Amino acid sequence: RRAGALGAAIVSGTDLWLRGVGEISDFGVASVSINGVVLLFLAGILIGHVARLARQAEERMQRATEMEAVGRERERLARGIHDSVLQVLALVQRRGQEIGGEAAELGRLAGQQEAALRELVSIQREPSPAGTCDLRALLRAYGGADVTVSTPATPLDLPTGAARETAAAVAAALDNVRRHCGAGAHAWILAEGEADTVTVTVRDDGPGIPAGRLEEAAAAGRLGVAQSIRGRVADLGGRAVITSAPGQGTEVELTVPRGGGPAGP
C-alpha cells in the first residue's frame, strides 16, 4: 500500500507539473486535475493492498503444502516404526516383566522408550517461522511411563536458543525428580502460552524439599537448581519459581518471554 501511494504521488506530481495547475485559471480544469490525483491515490493504494493479499495467499499456500508433505512423511515413518521398533520395545517390556529381576528394569526402560517414541510419531508438527522452534516438540520428547506431558494445540514458538535452554531447564528439573524422589515417582509437565510469555510447570509427587534445603545446597557449591534451572531462565529474561513442602511434592514454574533470550542455531 505504501509503494502504491508513493507511485501515485510521483505520477500525480508529474501530471500536475505538466498541466501547470498553478497557472490554470479555469476552475473546471483544476477540478479535473485534482480528481485525477485522488483517483490515482485510490488506485495505487488499492492495487498495493491487492498485491499484499496475493503475496500472503501465496505464503499460506506454500505453508499448507509444506505441512501436507510433512504429514505424509510422518505417516510413512510412523507405519515403519510401528511395524518394527515399537513392537520390539513392547516385546522387551513384556518379557522383562515376566522374567523379573534385572530384566524387569530393562523392560521398564523399554516401556518408557516405547511410550516416548509412540508420542513422538503421533505429533502433528507444524512448520515454525524461521529462527524459531516449537517448544512443544522438545517437551514431548521427555514423555514416558513416569512423565506426563500436556501441551496446547497451538505452537509454542520461541527463538531457537531460548526454546532449547527452556527445555534444558525442564530436563534438569526432571533429573532432580529421578535423583531425589526415587524410581516410583511420577512427574507432570504442563506448558501454556500467552501473548508475550510461555510458562512450563514441572510437578512431581515426591517427598518434597525441606525448608532451606535449596539455600544450603547453593552454599555448599551444589548449583544444580541455581544454575541449571534458575540461571538458565534468568539468562532468557524470565523467572523460575520453586514451590515445595515436605510430603507434598515439588512444583517448578518456568516463565519465559516469547521474544527474549538467545536466538542461537
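Computed from the coordinates by the stated procedures, all read-outs in this text should not be read as laboratory data. Model, not experiment: these values are computed from the prediction. Glycine gets a Cβ as well: all are built from the backbone with ideal geometry, and neighbour counts include every protein chain shown.
Mind running the shape call on region 126-175? Use the C-alpha gyration tensor, a ≥ b ≥ c as the square roots of the eigenvalues: rounded below 1.5 for a/c, prolate if a/b tops b/c, oblate otherwise.
The shape class here is oblate.
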Quiz item: Length gain on complete extension for the stretch L77 to A104, per 0.36 nm per residue less the alpha carbon to alpha carbon distance?
Solution: 6.8 nm
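Which peptide among 62-70, 101-109 comes first, and what is the full order, when sorted by highest mean count of other Cβ atoms within 10 Å? Intermediate results must be reported in sequence, preceding the final value.
Numbers: 62-70: 11.7, 101-109: 14.3.
Going from most to least packed, we get 101-109, 62-70.
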Quiz item: Where the centroid of each part is defined by its Cα atoms, how far is region 230-251 from region 131-198 in Å?
Solution: 13
Exercise. Would you please classify the overall shape of region 45-91 from the alpha carbon gyration tensor, given that a ≥ b ≥ c denote the square roots of the eigenvalues, rounded means a/c under 1.5, and beyond that prolate means a/b larger than b/c while oblate covers the rest?
Key: prolate
Quiz prompt | Cβ-Cβ FRET estimate between A43 and A153, R0 fixed at 41 Å, reported to 0.05 | solution = 0.45
